[in-house]
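*Asks:* Encoded as structure tokens, here's the structure I'll be asking about.
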Amino acid sequence: MIRPHDLLGRRASVRAALGTALLLAACSHGSAPVARPLNAITPAAVATLLSQLADDSLRGRMTGTPGAEKAAAMIAREMQRIGLEPAGDSGYFQRVPFVLLVARPGQGGGTFPRLAASFAALDTVPVERRRISVNVLGLLPGGDPNLRAEHILVDAHYDHIGAAGDPMNICRLAGADSICNGADDDASGVVAVLEIARALSGGPRPQRTILFAAMTGEEIGLTGARWYADHPIRPLAEMVANLEIEMIGRSDSLAGGPGRGWLTGYERSTMGDLLATQNIPLVPDARPAQLFFQRSDNYALALRGIVAHTLSSFNLHTDYHRPSDDASRADPVHMAAVIQAAARAVRLLADGPKPEWKPGGWPDPPAPRPAGPRP
């Protein structure tokens, strides 16, 4: 989840065209699809996948680094094992172009990636400054001939803020542990996306198509989601709803404790009311002053008119954006329960009535950004 002051700030990246080629090679050898029923979303399965995505070897998954590339390859392999159809422009990967910029003196030094306007624009900068990142996309086709053209987007972001000392990072905290692993933010959400896909692919086929996505560059300005909104694999007019999942690693007492979550912008649409009719344990966000609705990838879709919300159970813990956000501090029992609830929510969105914006709920687009150099 990005900080409030990052909303109109940083942009995005990942390494190079060679990096994408390596990722594609890493996913080319898969096994037969492995699905699990809803009740098999277990704490043990959740904890295993979370520890892999938040491992020190990925060095905080900062966009534009080898660790982020490894995470993307890992996620694609899981999508392949689940049996999702590749939905990117390169297998499971949707390529996203970035330009690598050098921070000005007094801004912490190092380099940072900025989202390029297009691949053509990327060709105009020196080769050493070009970077290619990826969104990871897998499709579960709908089974109803009348509804499968419509789709639901279920997503989380797999990037985080890196490790102190790396050229590209936001995690500048030194000490014995200098890697910001981002177990809660947002490896926990990626685990949810994959486990929901595994559960739904193993049961009756949903009526609408479901697109499962792990987005890049959320921490540097919602860039992967913004790129997807400009380059969707299916028309946005056919997207019925977007449920993003972010920071469900720990329970929140204001949501009712373990096994329960909340929806950002609950009051803006009928989505929360629809889920409540089926006793799905998701309640309104109790901290509207934190602007969580605007701080995650759902916002890039909401600005386009899609009914888009984020499911979370973030309790404002002090490990946020610090090296202490480790898998060991997550509660897998709580996570498994929330993921089961989220899977029920996705099934309802795929099979049930379409959620709609309530009057005044659709957010107004932000004002144009001022011209000139940006940090």
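The values are calculated or read from the model by the stated rules, or taken from the named source; none is laboratory data. Computed from a predicted model, the values in this text were never measured in an experiment. Note: ideal-geometry Cβ built from the backbone for every residue, glycine included; neighbour counts use all protein chains shown. Note: accessible area is taken over every heavy atom of the protein model, side chains too, but ligands, DNA and RNA are not part of it. Shrake-Rupley method; radii C 1.70, N 1.55, O 1.52, S 1.80 Å.
*Asks:* Taking 8 Å as the Cα distance limit and 6 or more residues as the minimum spacing, I'd like the relative contact order of the range 224-310 as a percentage.
*Replies:* 39 percent
*Asks:* How big is the Cα convex hull of the range 194-332 in projection, averaged over all directions, in nm²?
*Replies:* The Cα convex hull of the range 194-332, projected and averaged over all directions, gives 9.3 nm².
*Asks:* What figure in square angstrom, to the nearest 10, would you give for the accessible area of Asp230 with a 1.4 Å probe?
*Replies:* For Asp230, the solvent-accessible surface is approximately 90 Å².
*Asks:* Determine the gain in length on full extension of the stretch Leu254-Arg329; use 0.36 nm per residue of separation and subtract their C-alpha separation, reporting nm with one decimal.
*Replies:* Going from the current span to full extension adds 25.1 nm.
*Asks:* Turning to a different aspect of this structure: Determine, from the Cβ-Cβ distance of Thr111 and Glu238 and an R0 of 30 Å, the FRET efficiency 1/(1 + (r/R0)^6), rounded to the nearest 0.05.
*Replies:* 0.20
*Asks:* Now, a different point. Quote the convex hull volume per residue of the range 90-248, based on C-alpha atoms, as a whole number of Å³.
*Replies:* Each residue corresponds to 131 Å³ of Cα convex hull volume.
*Asks:* If each of Ala40 and Asn146 carries a label point 7 Å out from its Cα toward its Cβ, how far apart are those two points in nm?
*Replies:* 3.3 nm
*Asks:* Sticking with this one: Which values, in whole Å and largest first, are the semi-axes of the equivalent ellipsoid of the range 171-245 obtained as the square root of 5 times each eigenvalue of the Cα gyration tensor?
*Replies:* In descending order, the three semi-axes are 30, 19, 7 Å.
*Asks:* Under the Kirkwood approximation for Rh and a Cα-based Rg, what ratio Rg/Rh is obtained for the range 202-249?
*Replies:* 1.01
*Asks:* Please state the Cα pair-distance histogram of the range 132-215 with 5 angstrom bins from zero: what percent is in each bin?
*Replies:* Spelled out per bin, shortest first, that is 3, 14, 18, 17, 14, 10, 8, 6, 5, 3, 1, 0.
*Asks:* Let me ask you something else. With a Förster radius of 56 Å, plug the Cβ-Cβ distance of Thr277 and Ala120 into 1/(1 + (r/R0)^6) and report the FRET value to the nearest 0.05.
*Replies:* Rounded to the nearest 0.05, the efficiency is 0.70.
*Asks:* What FRET efficiency do you get for Lys358 and Arg287 if R0 is 25 Å and r is their Cβ-Cβ distance, rounded to the nearest 0.05?
*Replies:* Here the calculated transfer efficiency is 0.80.
*Asks:* Write down the accessible area per residue of the range 222-317 in Å², having rolled a 1.4 Å probe over the full set of protein chains.
*Replies:* I get 32 Å² per residue for this part.
*Asks:* Right, something else. Can you give me the solvent accessible area of Phe119 with a 1.4 Å probe, rounded to the nearest 10 Å²?
*Replies:* We get 60 Å² for Phe119.
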